[in-house]
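What follows is one structure encoded as structure tokens, with my remarks underneath.
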Amino acid sequence: MSIIDFIKGLFGGDSNEKTNQNANVVEDKSANTYCPVGNTPSLENVARFVIQKGICKGADIQRHFQIGYKLSGSLISQLQQKGIIDNALNVLVNANISESELSQLLSNDTHETEDLCHVSPASGFEIKIISSSPTDIETPIESYIPDLSKYEYYVVFDTETSGLSPQQGHEILQIGAVKYSTQTGEVIDTRSIYIKPSPQCVIEPTALRVNGIDIEKLKQTGDSKKEGINAFMEFIGTCPLFAYNAPFDMRFLKSTCEMVNIPLPTNPVCDVLAMVRKLALPTENKKLGTISEHFGFEGGCFHEAIKDCDATNFVLRKIYFNNEGKPVGKSVDDIHSNLYRNGVKLESYIEQNMLELDVYSRLTGEFLFTKTIRQCAEKGIYVSYSTVKDLEETLWTTDYGIRLHEDSIGKIEPDIYYGKRLIDVYSRTTGEFLFTKTLEECAGLASSLTQKKIANATLEKSWLGEYGFRAHEEEPQTKIDRDFTYGKRLIDCYSKDGDFLKRYESISDIVTELGFAGDSPIKTILRQDKITYNLNGYIFIYATTEQPILKIEGAPLTKEAKRPIYVFDLDGNYLNVFLKITDCTVAYGIQTEGVRRCLSAGKPQYNGYIFRYSNTPLSEEELAAAKENYAYRETSKVEN
């Protein structure tokens with residue numbers, strides 16, 4: 001059953017028949033929930049049908065008269081108020097009752113609402129009683145409880161009678177009343193009033209066996225009806241009144257007041273049984289003894305007025321107050337939650353919905369509230385008991401994080417994969433801040449990006465595609481360290497001893513400036529995980545920081561790389577280029593050592609030629625030094 005169906009069932013149709021614990025009604029879903037005016041059976045016909053069968057079942061009435069469950073419930077309520085059946089739906093009238101006697105019994109009260117709002121002709125005072133009939137199931141439970149904060153005390157009362165119906169001549173024999181402190185529930189005062197039966201009182205032996213009253217002793221020592229009623233009125237004062245199946249007690253109280261011409265009290269009268277019927281309790285019936293024992297009452301001795309008051313108050317306190325004596329709220333959910341926390345057994349489907357959950361923001365991880373499964377559903381957070389009963393980690397659903405209730409957890413880690421999570425996005429090439437987007441929007445930046453990949457990159461502060469993703473901050477950084485391994489990579493050049501020399505933007509710049517024959521050896525040294533040698537006296541590494549590292553570990557081992565050899569004349573004119581020194585010696589008929597010394601700047605020229613690893617134009621100083629050296633060498637040859 002879904003939570004929505006449960007709530008509908010609790011306050012709607014099916015619940016009517018569930019509260020009739022002895023009716024065994026199975027609702028026909030195809031049946032109308034109302035009866036057309038022309039097909040509404042009379043109360044007398046329904047009464048006769050029930051009396052002849054000897055048992056009252058809502059399903060039987062529905063099928064026989066072809067009516068819906070609501071009308072059936074209303075008719076059952078009227079039969080209870082007329083004394084045809086009792087609260088447990090037992091038939092109280094003999095099957096041999098005559099038509100005139102039945103008509104007279106049905107006409108004693110004018111309407112079923114007389115017990116709901118009766119105006120005493122003697123006083124004009126109004127007394128409101130909350131009906132405990134099955135038809136009242138749609139009334140919110142807050143209607144059953146007055147605002148007790150206005151009262152310092154309240155009174156629980158109970159009557160013991162000579163039978164079940166004042167219409168059949170039965171009378172009150174005892175009124176038990178106990179005054180309790182609203183705040184603590186402690187007994188303030190107790191009153192047990194025994195009332196003499198009148199000569200015309202019909203006394204059922206069964207009733208005396210139940211309540212244990214000695215009728216002969218009562219006739220001698222009991223108060224008169226007027227004395228008893230006045231003593232009761234004086235005791236209750238203006239306190240709100242509670243009773244278990246209040247309409248039963250109020251019918252007898254009303255009948256007794258009319259007999260002695262005393263107006264009914266104006267105190268609010270509340271039916272605890274009506275409150276109980278609102279609750280999903282796994283008990284075979286809703287009798288006071290059954291319910292109070294189910295709630296944990298150990299007083300026993302039911303059908304003695306004072307004991308019944310104690311049992312009724314025990315149930316009332318369990319329903320309406322928490323362990324600290326504070327009202328728990330007036331909704332069925334509040335009461336079910338309080339009973340569940342206090343270990344009172346509820347129907348299994350209710351207990352499952354009473355499981356408490358801590359709810360957090362999926363976006364921020366902040367604690368929001370603690371609610372039961374059913375209360376979560378009312379807020380649009382739908383989870384099943386089977387899903388969360390053994391929950392060990394956070395369950396993410398819609399905009400929330402769900403955990404089993406646990407004290408003192410004010411915040412959890414938010415869901416890093418949540419699509420509405422905000423992400424700050426940076427350029428991978430420059431490190432500059434670009435914009436802030438949700439995780440879903442970030443996934444739309446490129447087809448290769450997914451929410452999961454972006455979430456993981458944000459967590460690890462790594463790069464993905466063209467972007468860097470970081471957890472959102474109220475004031476994002478304007479720039480972060482760029483990814484030096486991505487795109488156009490800068491190259492730092494060091495001497496063989498590890499001293500920084502220069503930063504280059506490309507390998508081609510190195511080839512041109514330092515005179516390498518090609519870029520292959522430079523690429524090779526850049527790919528090394530560890531620097532093991534220098535290249536013609538140079539070490540090359542990719543830049544990893546915004547500012548160059550000024551000193552690194554040196555590499556004494558030198559590996560020679562081919563470099564083009566450019567040849568110039570003494571006037572600085574470019575003549576030729578060779579890849580090997582031997583090619584130079586063959587072309588110009590000169591010695592290898594002389595070329596090497598010229599290349600290493602050991603001598604400015606050799607045999608009238610200038611050899612360089614670079615094709616950059618020679619300076620005037622270089623040319624002047626070369627010419628001077630050449631003239632000196634030629635003069636030396638002549639002299640020798």
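The values are calculated or read from the model by the stated rules, or taken from the named source; none is laboratory data. Computed from a predicted model, the values in this text were never measured in an experiment. Reconstructed Cβ throughout: ideal geometry from the backbone, glycine too, with neighbour counts over all protein chains shown. Quick note on the areas: whole protein, heavy atoms, side chains included, nothing else; ligands and nucleic acids left out. Shrake-Rupley method; radii C 1.70, N 1.55, O 1.52, S 1.80 Å.
Ranked by the mean number of other Cβ atoms within 10 Å per residue, highest first, peptides 593-601, 99-107, 243-251 order as 243-251, 593-601, 99-107.
Subtracting the Cα-Cα distance of Glu324 and Met233 from their residue separation scaled by 0.36 nm leaves 29.7 nm.
The calculated FRET efficiency for Lys523 paired with Ile416, based on their beta-carbon distance and R0 = 35 Å, is about 0.35.
The mean sequence separation of alpha-carbon pairs under 8 Å and at least six residues apart, normalised by the residue count of the chain, gives a relative contact order of 7 percent. Full extension of the chain segment joining Thr290 with Leu550 gains 84.7 nm, where the gain is 0.36 nm per residue of separation less the Cα-Cα distance. In square angstrom, rounded to the nearest 10, how much accessible surface does Asp390 have for a 1.4 Å probe? Counting only protein heavy atoms, Asp390 exposes about 110 Å² to solvent. What separates the Cα centres of the stretch 208-236 and the stretch 446-487 is a distance of 87 Å. One decimal place: the segment Met259-Lys226 gains 11.0 nm when fully extended, by the rule 0.36 nm per residue minus the C-alpha distance.
Excluding same-chain neighbours fewer than eight residues apart, the aspartates and glutamates reachable from Lys580 by a Cα-Cα span under 15 Å are Glu560, Glu593. With the convex hull constructed from alpha-carbon coordinates only, the stretch 520-576 shows a mean projected area of 6.2 nm² over all directions. Between His405 and Thr283, the FRET efficiency estimated from the beta carbon spacing at R0 = 30 angstrom works out to 0.65.
For the stretch 237-315, just say rounded, prolate or oblate: build the C-alpha gyration tensor, square-root its eigenvalues into a ≥ b ≥ c, call rounded for a/c under 1.5, and beyond that prolate if a/b exceeds b/c, oblate if not. Display every interim value, and only then the final one.
Details: a/c = 2.28, a/b = 1.96, b/c = 1.16.
It is prolate, given that a/c is not under 1.5 and a/b is the larger ratio.
Taking amide hydrogens as placed 1.01 Å from N in the peptide plane, the amide H of Gly401 sits under 5 Å from those of Tyr360, Ser361, Arg362, each at least 5 positions away in sequence or on another chain.
In deg cm²/dmol and to the nearest 500, what is the mean residue ellipticity at 222 nm of the chain if only DSSP H runs of at least 4 residues count, each as -39500 (n - 2.57), divided by the residue total?
-10000 deg cm²/dmol
Taking all protein chains as shown and a probe of 1.4 angstrom, Lys420 keeps an accessible surface of around 110 Å².
Averaged over its residues, the chain has an accessible area of 50 Å² per residue, based on protein heavy atoms and a 1.4 Å probe.
Among the listed pairs Lys278/Lys371; Lys219/Lys307; Lys379/Lys453, a Cα-Cα separation exceeding 29 Å is found for Lys379/Lys453.
Across the stretch 214-349, C-alpha contacts under 8 Å between residues 6 or more apart give a mean separation that, scaled by the residue count, equals a relative contact order of 19 percent.
Place a point 7 Å from the Cα of Thr398 along the Cα-to-Cβ direction; which residues of the stretch 333-376 have their backbone N under 19 Å from it? The answer is 353-376, whose backbone nitrogens lie closer than 19 Å to the label point.
Rounded to the nearest 10 square angstrom, Lys479 shows an accessible area of 100 square angstrom against a 1.4 Å probe. Amide H to amide H distances under 5 Å link Gly68 with Tyr34, Cys35, where only residues 5 or more positions off or on other chains count and H is placed in the peptide plane. Mind checking the stretch 272-369 for GluC sites (Glu not before Pro) that DSSP puts in a loop (not H, G, I, E or B) and that have at most 12 other Cβ atoms within 10 Å? Here the GluC sites (Glu not before Pro) that fit, given the DSSP loop and packing criteria, are Glu284, Glu298, Glu324.
The calculated FRET efficiency for the pair Ser506 and Asp569, based on their C-beta separation and a Förster distance of 35 Å, comes to about 0.65.
Straight Cα distances below 21 angstrom link Lys627 to the lysines Lys603, Lys637, with same-chain residues fewer than 8 positions distant left out. Among Tyr180, Tyr467, the order of accessible area from largest down is Tyr467, Tyr180, computed with a 1.4 Å probe on protein heavy atoms.
Of all aspartates and glutamates in the structure, those lying under 14 Å Cα to Cα from Lys57, and not within fewer than 8 positions of it along the same chain, are Glu17, Glu27, Asp86. Ordered from highest to lowest accessible area with the whole protein assembly present and a 1.4 Å probe, Tyr418, Tyr588 read as Tyr588, Tyr418. Within the chain, the selection of entire DSSP H helices by a Cα span of 30 Å or greater along the long axis and an average Kyte-Doolittle value of at least -0.5 returns an empty list. Name the residues of the stretch 505-548 whose amide N is less than 13 Å from a point 7 angstrom out from the Cα of Asp583 along the C-beta direction? Counting only backbone N, you get 517-518. Residues Arg48, Arg191 ordered from highest to lowest accessible area at a 1.4 Å probe: Arg191, Arg48.
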